[in-house]
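All remarks here apply to the structure that follows.
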Amino acid sequence: MKILVTVKRIPDPDASVKFANGAVDTSSAKWVPNEFDQYAVETALRLAEDAKSKKRHAEIVVCSVCPAAQRQHITTFLAMGADRGVVVDADDTALDSQAVAKLIAGVFKKEGADLLVCGKLSQDTEGNEVGQRVAGLLDLPIASFAGGVTWDQDGKAMVVSREVDDGVETKKVPLPSVITCDLRVVLPQSVKNGVTPDDYTYNEGPRLASLRGITMAKRKKVEQLKPADLDVEAGSAISNTGVNPPPARAAGQIVESVEQLVEKLATEAKVL
Amino acid sequence: MPASLFYTDEHEAFRTQVRKFVEREISPHIEAWEEAGAFPRELYAKAGEVGLLGVGFPEAYGGTEADGFHKLLLTEELCRPGSGGIVAGLMSHGIGLPPITNMGSDALKEEYVPSILRGEKICALAVTEPSGGSDVANLRTTARRDGDHYIVDGSKTFITSGMRADVITVAVRTGGEGMGGISMLVIDGDTPGLTRTPLKKMGWWCSDTATLYFDGCRVRAENLIGQENEGFRGIMQNFNNERLMLAGMAIASAQVCLDEAIAYARDRETFGRPLIKRQVIRHKLVDMAQRIQSARAALELLTWRVDQGQWPIAEVCMLKNTATQCMEHCAKEAVQILGGAGYIRGVKVERIYRETKVLAIGGGAEEIMKELAARQMGL
């Protein structure tokens, strides 16, 4: 069993957004790992490991499309416990989701992976597209927004529960397949692999990498590919015409009476 | 271009993980723990599980080799919730364990180190006595050899984690007067004859502090750390590292004061304008930042020098004073900027204000630091 997990770097979502020349200015951004990708790696780790003996039953490969020199985020995922990495060296900010999906699909085929696990979206563009597009390109079954995953080892399938408007829907997707992860997948008992006891309780949230994990991560293999190695022409069919900050809000007014408030709502705000 | 001469991407990756641990496991509870005067014992196991307790200790015993900056950033991140008590308590093995790992026998290391680094056992250091703290050479607790045991009599006070410690590294007198008669012993917390009294403090509420009484405690001779009567140098080496870490705590706490004061000054309006637009407040904030910048520059340089194997004793003494004075200044100004809000319990700057003195006294008082530096400088 080989699990491929997509991971992305994003500008620190806790930092204030800067704008320059009609675009988001990321020149001084601090790049951090996308949170949903940490859920995806955690899901893959829980599927792959026997939590008691720490023995692994699957290989986990993390894959990122980014400039090769800016792959520090991969270290974090390797430090969490992924076995090795693949970097597709390209300027991810100049690619649209279809191009990224083609590259990921190329890596999936090249690796001969059995399962693709993605975060449901990246926090910067919130596209929520790549997992679905890869499934389309490879003609694979997909279960998106997974809140729970159970590996049915006999049936060679993943049983995925996902929250929908009126309850929880359960899907069974035969391998090879694609899963995209939602927040609830990292609850203490959301992932079951048939090896770790079903009543095993994980800590909530993606696991933290230890200093030893970080040190070991540097020794793990990270393969570097070019889009051409995957027969993909990296580009974008979409062009950004402009990004601007929302207009600053005008200062509020303090009114003397209810009557004055009603009058201003009627005459100035024109909402009555 | 690297952002720092000293911090690498690996350091920053580790910082991110420590910050997450602190945000997840400590920050939401710190106020309750401070008020309760204790934090749960399980926190040691949680910190042990993600390897935080093992940073800088030998891999053979469950630790992870690390440089001074890993240890420094770990201290800094643990300081972010604004409680020195959690740092002192959770990391009390940081002063209790090095004598064992540096000078202890392999058997002693094998027996004690792994369980402490896993967070299963709590470790404390006991040097200070009711009769004196910094005057280590004249300590009075005795360990008299009796066959294959030592009989320990005396008392220790102001011992961090003293109430809960399962393993206590104790400085004792095994020989004649002065520094040449001092040894270190590992004493189990359940040794008959050991009793403990809790101490209430001005700050560091969530860390337990105790006076320990040793009344005819029988301790196996194998629990001697290193050679008999050669414990003084180890205690002094330990102090040097402790002072570097205390300086890190002081500067990190000063930074919390600055961050809190800036956030409050942006938010708080007086007479129609935010506080931060008032020149007197702006200058206070810059003055705080200026002192932090200077102290941090010295801290990073000395951390680097110690990593290179140097022993800049005078400089570390002066750094400790610079750092604690910086913290005292920043805590005072932050409480002043927050005004009434800074005087209310549960606010970080109020807590830090109560913690300034422990850092200016513990690990070597300000006056002792100056005297030691003067001697080192040949004055």
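The values are calculated or read from the model by the stated rules, or taken from the named source; none is laboratory data. Predicted model only: the values in this text are computed from it and were never measured. Every residue, glycine as well, gets a Cβ built from its backbone with ideal geometry; the counts of neighbours run over all protein chains shown. Side chains are part of the model used for accessible areas, which takes the heavy atoms of the whole protein and leaves out ligands, DNA and RNA. Shrake-Rupley method; radii C 1.70, N 1.55, O 1.52, S 1.80 Å.
Considering only beta bridges that DSSP places wholly inside the protein assembly as shown, some 60 percent are antiparallel. Mind running the shape call on segment B:9-117? Use the C-alpha gyration tensor, a ≥ b ≥ c as the square roots of the eigenvalues: rounded below 1.5 for a/c, prolate if a/b tops b/c, oblate otherwise. Oblate. With a 1.4 angstrom probe, the accessible area lost at the B-A interface totals about 1500 Å². For segment A:69-95, a drop of 20 Å² or more in accessible area on going from the chain alone to the assembled protein chains (1.4 Å probe) is found at A:Gln72, A:Thr76.
For B:Val87, the shell of other residues with beta-carbons less than 11 Å away shows a net charge of -2, using +1 for Lys and Arg and -1 for Asp and Glu. Remark: segment A:126-131, residue by residue, has Karplus-estimated 3J(HN,Hα) of 6, x, 6, 10, 4, x Hz, where x stands for each Gly or Pro and the curve is 6.51 cos²θ - 1.76 cosθ + 1.60 at θ = phi - 60°.
With respect to chain A, whose longest principal axis is taken over its alpha-carbon atoms, helix A:97-111 is tilted by about 10°.
Per residue, the accessible area of the protein assembly as shown comes to 47 Å², computed with a 1.4 Å probe over protein heavy atoms only. Sparsely packed loop sites in segment A:186-224 (the trypsin sites (Lys or Arg not before Pro) outside DSSP H, G, I, E and B with at most 12 other Cβ atoms within 10 Å) comprise A:Arg219, A:Lys221.
Helix A:258-267 and the longest principal axis of the Cα set of chain A meet at an angle near 80°. The magnitude of the dipole of segment B:239-289, with charges of +1 and -1 set on the Cβ of Lys/Arg and Asp/Glu and taken from the Cα centre, is near 320 debye.
Taking the Kirkwood radius as Rh and the Cα radius of gyration as Rg, chain B has a ratio of Rg/Rh equal to 0.98. Cysteine residues of the protein assembly as shown whose Cβ has no partner cysteine Cβ closer than 4.7 Å: A:Cys63, A:Cys66, A:Cys118, A:Cys181, B:Cys79, B:Cys123, B:Cys206, B:Cys217, B:Cys317, B:Cys326.
Scaled to the globular estimate 2.2 N^0.38 Å, the Cα spread of the protein assembly as shown, given as radius of gyration, is 1.12.
Within straight-line reach of A:Lys172, meaning a Cα separation under 30 Å, sit the following lysines at least 8 residues removed in sequence or on another chain: A:Lys2, A:Lys8, A:Lys52, A:Lys54, A:Lys55, A:Lys102, A:Lys109, A:Lys110, A:Lys120, A:Lys156, A:Lys192.
Considering only B:Gly178, B:Gly203, B:Thr191, and ranking their Cα positions along the charge dipole of segment B:123-229 that arises from unit charges at the beta-carbon of Lys, Arg, Asp and Glu, the one farthest toward the positive end is B:Gly203.
For the pair segment A:198-272 and segment A:27-56, the centres of their Cα atoms are 20 angstrom apart.
Go ahead and set up a Gaussian network model of chain B, Cα springs under 10 Å, then flag whichever of B:Arg15, B:Arg173, B:Arg266 fluctuates most. Looking only at B:Arg15, B:Arg173, B:Arg266, the biggest GNM fluctuation is shown by B:Arg266. All alpha carbon pair distances within segment B:324-379 were sorted into 5 Å bins beginning at 0; the resulting P(r) in whole percents reads 4, 21, 21, 16, 13, 9, 8, 5, 3, 1.
Mean-square fluctuations from a GNM of chain A, with a 10 angstrom spring cutoff on Cα atoms, peak among A:Val168, A:Val243, A:Val130 at A:Val243. Which of the listed residues, B:Phe69, B:Leu52, B:Pro40, is farthest toward the dipole's positive end in segment B:9-117, when Lys, Arg count +1 and Asp, Glu count -1 at the beta-carbon? Of the listed residues, the answer is B:Pro40.
Between helix B:313-338 and chain B, what is the angle of the helix's C-alpha long axis to the longest principal axis, kept within 0 to 90° and rounded to the nearest 10? Helix B:313-338 sits roughly 40 degrees off the main axis of chain B.
Considering helices alone, the calculated mean residue ellipticity of the protein assembly as shown at 222 nm is -12000 deg cm²/dmol, with DSSP H runs of length four and up weighted by -39500 (n - 2.57) and normalised per residue. In this calculation the C-beta distance from A:Lys52 to A:Ser257 is compared with R0 = 60 Å, giving a FRET efficiency of 0.30.
Summing +1 for each Lys or Arg and -1 for each Asp or Glu among the other residues whose beta-carbon sits under 11 angstrom from that of A:Asp229 gives -1. Within chain A, DSSP assigns beta bridges of which about 40% are antiparallel (rounded to the nearest 5). In this simple spin-label approximation, B:Met202 and A:Glu268 carry label points 7 Å from Cα along the Cα→Cβ vector, and these lie 5.2 nm apart.
Could you tell me the distance between the Cα centroids of segment B:172-224 and segment A:66-96, to the nearest Å? If you average the Cα positions of each part, the centres end up 51 Å apart. Per residue, the convex hull spanned by the Cα atoms of chain A measures out at 199 cubic angstrom. Taken over segment B:112-192, the ratio of Cα radius of gyration to 2.2 N^0.38 Å equals 1.11. Build a GNM of chain A with springs between Cα atoms under 10 Å apart, and of A:Ser122, A:Ser257, A:Ser177 the one that fluctuates most is A:Ser257.
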